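Asker: A single structure is presented below for examination.
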Amino acid sequence: MRQSIFDMKFSTIYPLYLQKAQRKGRTKEEVDEIIKWLTGYDAERWDPEATNREFFDNAPEMNPNASMIKGTVCGIKVEEIEDPLMQKIRWLDKLIDELARGKAMEKILR
(Lines give C-alpha, C1' and ligand atoms only; values in the text may rest on other atoms or scores of the structure.)
Protein backbone atom coordinates (compact mmCIF):
# COMPACT_ATOMS: atom_id res chain seq x y z
CA MET A 1 0.00 0.00 0.00
CA ARG A 2 1.32 3.41 -0.98
CA GLN A 3 1.72 5.90 1.85
CA SER A 4 -0.27 9.11 1.54
CA ILE A 5 1.79 12.28 1.24
CA PHE A 6 -0.28 13.57 4.17
CA ASP A 7 0.98 10.75 6.39
CA MET A 8 4.64 10.89 5.34
CA LYS A 9 6.97 12.29 7.95
CA PHE A 10 8.12 15.80 7.15
CA SER A 11 11.63 14.67 8.12
CA THR A 12 11.52 12.28 5.13
CA ILE A 13 10.64 15.07 2.71
CA TYR A 14 12.88 17.81 4.13
CA PRO A 15 16.15 16.18 2.91
CA LEU A 16 14.65 16.00 -0.58
CA TYR A 17 14.01 19.75 -0.50
CA LEU A 18 17.61 20.28 0.65
CA GLN A 19 19.02 18.06 -2.09
CA LYS A 20 17.00 19.82 -4.77
CA ALA A 21 18.17 23.25 -3.62
CA GLN A 22 21.79 22.27 -2.99
CA ARG A 23 22.15 20.61 -6.41
CA LYS A 24 21.50 24.07 -7.84
CA GLY A 25 23.93 25.85 -5.52
CA ARG A 26 21.39 27.04 -2.96
CA THR A 27 21.77 26.58 0.80
CA LYS A 28 20.11 24.86 3.73
CA GLU A 29 19.67 28.30 5.28
CA GLU A 30 17.63 29.42 2.28
CA VAL A 31 15.42 26.32 2.46
CA ASP A 32 14.90 26.92 6.19
CA GLU A 33 14.10 30.60 5.53
CA ILE A 34 11.41 29.58 3.02
CA ILE A 35 9.90 27.12 5.50
CA LYS A 36 9.92 29.79 8.21
CA TRP A 37 8.33 32.36 5.89
CA LEU A 38 5.55 29.96 4.90
CA THR A 39 4.84 28.24 8.22
CA GLY A 40 6.43 30.26 11.01
CA TYR A 41 8.66 27.32 12.03
CA ASP A 42 12.28 27.88 12.96
CA ALA A 43 14.30 24.88 11.77
CA GLU A 44 14.82 23.62 15.32
CA ARG A 45 11.16 24.01 16.34
CA TRP A 46 9.41 21.48 14.12
CA ASP A 47 8.95 17.94 15.34
CA PRO A 48 11.03 15.56 13.19
CA GLU A 49 8.45 12.82 13.78
CA ALA A 50 5.54 14.96 12.55
CA THR A 51 3.67 13.88 9.47
CA ASN A 52 3.01 16.44 6.75
CA ARG A 53 -0.51 16.75 8.12
CA GLU A 54 0.78 17.44 11.66
CA PHE A 55 3.54 19.71 10.39
CA PHE A 56 1.13 22.01 8.57
CA ASP A 57 -1.76 21.69 11.06
CA ASN A 58 0.56 22.71 13.92
CA ALA A 59 2.42 25.42 12.02
CA PRO A 60 2.94 28.42 14.30
CA GLU A 61 1.61 30.84 11.68
CA MET A 62 0.93 30.29 8.00
CA ASN A 63 2.01 33.37 6.11
CA PRO A 64 -0.98 35.50 5.06
CA ASN A 65 0.73 36.10 1.69
CA ALA A 66 0.84 32.37 0.90
CA SER A 67 -2.23 32.76 -1.29
CA MET A 68 -0.06 34.89 -3.59
CA ILE A 69 1.90 31.76 -4.55
CA LYS A 70 0.93 30.96 -8.11
CA GLY A 71 2.21 28.53 -10.67
CA THR A 72 2.36 24.88 -11.54
CA VAL A 73 3.72 21.93 -9.58
CA CYS A 74 3.49 18.48 -11.14
CA GLY A 75 1.23 19.90 -13.86
CA ILE A 76 -1.30 21.30 -11.37
CA LYS A 77 -1.84 25.00 -10.67
CA VAL A 78 -1.29 25.51 -6.95
CA GLU A 79 -3.92 28.24 -6.79
CA GLU A 80 -6.57 25.78 -8.02
CA ILE A 81 -5.92 23.01 -5.48
CA GLU A 82 -9.09 22.58 -3.42
CA ASP A 83 -7.78 20.51 -0.49
CA PRO A 84 -6.25 23.02 1.97
CA LEU A 85 -3.57 20.63 3.22
CA MET A 86 -2.51 19.59 -0.28
CA GLN A 87 -2.37 23.26 -1.26
CA LYS A 88 -0.03 24.02 1.64
CA ILE A 89 2.23 21.12 0.67
CA ARG A 90 2.28 22.28 -2.95
CA TRP A 91 2.95 25.90 -1.90
CA LEU A 92 6.12 24.69 -0.22
CA ASP A 93 7.01 22.56 -3.25
CA LYS A 94 6.55 25.60 -5.49
CA LEU A 95 8.75 27.83 -3.32
CA ILE A 96 11.53 25.23 -3.27
CA ASP A 97 11.21 24.87 -7.07
CA GLU A 98 11.63 28.63 -7.44
CA LEU A 99 14.69 28.53 -5.18
CA ALA A 100 16.23 25.71 -7.21
CA ARG A 101 15.58 27.64 -10.43
CA GLY A 102 17.68 30.50 -9.15
CA LYS A 103 14.96 32.97 -8.28
CA ALA A 104 16.02 35.69 -5.82
CA MET A 105 14.87 35.19 -2.23
CA GLU A 106 13.19 38.61 -2.24
CA LYS A 107 10.92 37.42 -5.06
CA ILE A 108 10.29 33.98 -3.57
CA LEU A 109 9.22 35.48 -0.23
CA ARG A 110 6.43 37.56 -1.67
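The values are calculated or read from the model by the stated rules, or taken from the named source; none is laboratory data. Computed from a prediction, not measured in an experiment: that's the story for all the values here. For neighbour counting, all protein chains shown are included, and Cβ atoms are generated from backbone atoms with ideal geometry for every residue, glycine included. Accessible surface is based on the protein model in full, side chains and every heavy atom, while ligands, DNA and RNA are left aside. Shrake-Rupley method; radii C 1.70, N 1.55, O 1.52, S 1.80 Å.
Asker: Looking at region 46-56, is at least one residue assigned to a helix (DSSP H, G or I) and either farther than 19 Å from Lys9 by Cα or in contact with a Ser or Thr (Cβ under 8 Å, 6 or more places away or on another chain) (or both)?
Answerer: yes
Asker: Would you mind stating whether Ile108 is open to solvent by 30 Å² or more (accessible area, probe 1.4 Å), among the β-branched types (Val, Ile, Thr) and in contact (Cβ under 8 Å) with a residue 40 or more places away in the chain? It would help to see each step written out before you state the result.
Answerer: Working: open to solvent by 30 Å² or more (accessible area, probe 1.4 Å): no; among the β-branched types (Val, Ile, Thr): yes; in contact (Cβ under 8 Å) with a residue 40 or more places away in the chain: yes.
The answer is no for Ile108.
Asker: If a residue must be touching a helix residue (DSSP H, G or I) at 6+ places or on another chain (Cβ under 7 Å) and open to solvent by 20 Å² or more (accessible area, probe 1.4 Å), how many such residues does region 61-70 contain?
Answerer: Qualifying residue count, region 61-70: 3.
Asker: On to the next question. Regarding Glu33, is this residue surrounded by 14 or more Cβ atoms within 10 Å (Cβ to Cβ) and at pLDDT 95 or above?
Answerer: So Glu33 fits the description; yes.
Asker: If you check Asp47, Asp7, Asp42, which single one turns out to be open to solvent by less than 70 Å² (accessible area, probe 1.4 Å) and of a type in the set (D, E, K, R)?
Answerer: So the residue among Asp47, Asp7, Asp42 that is open to solvent by less than 70 Å² (accessible area, probe 1.4 Å) and of a type in the set (D, E, K, R) is Asp42.
Asker: Restricting attention to region 68-79, does a residue exist that is among the hydrophobic types (A, V, I, L, M, F, W, C), within 11 Å of the chain's Cα centre (by Cα) and in a helix (DSSP H, G or I)?
Answerer: Looking through region 68-79, none of the residues is among the hydrophobic types (A, V, I, L, M, F, W, C), within 11 Å of the chain's Cα centre (by Cα) and in a helix (DSSP H, G or I).
Asker: Kindly list the number of the only condition in (1) out of contact with any Leu (no Cβ under 9 Å at 6 or more places or on another chain); (2) touching a residue at least 24 places away in the same chain (Cβ under 8 Å); (3) of a type in the set (Val, Ile, Thr) that fails for Thr12.
Answerer: Among (1) out of contact with any Leu (no Cβ under 9 Å at 6 or more places or on another chain); (2) touching a residue at least 24 places away in the same chain (Cβ under 8 Å); (3) of a type in the set (Val, Ile, Thr), the lone unmet condition for Thr12 is (2).
Asker: On to the next question. So in region 15-27, with the set limited to residues that are within 25 Å of Met68 (Cα to Cα) and touching a residue at least 12 places away in the same chain (Cβ under 8 Å), which one is surrounded by the fewest Cβ atoms within 10 Å (Cβ to Cβ)?
Answerer: My answer is Lys24.
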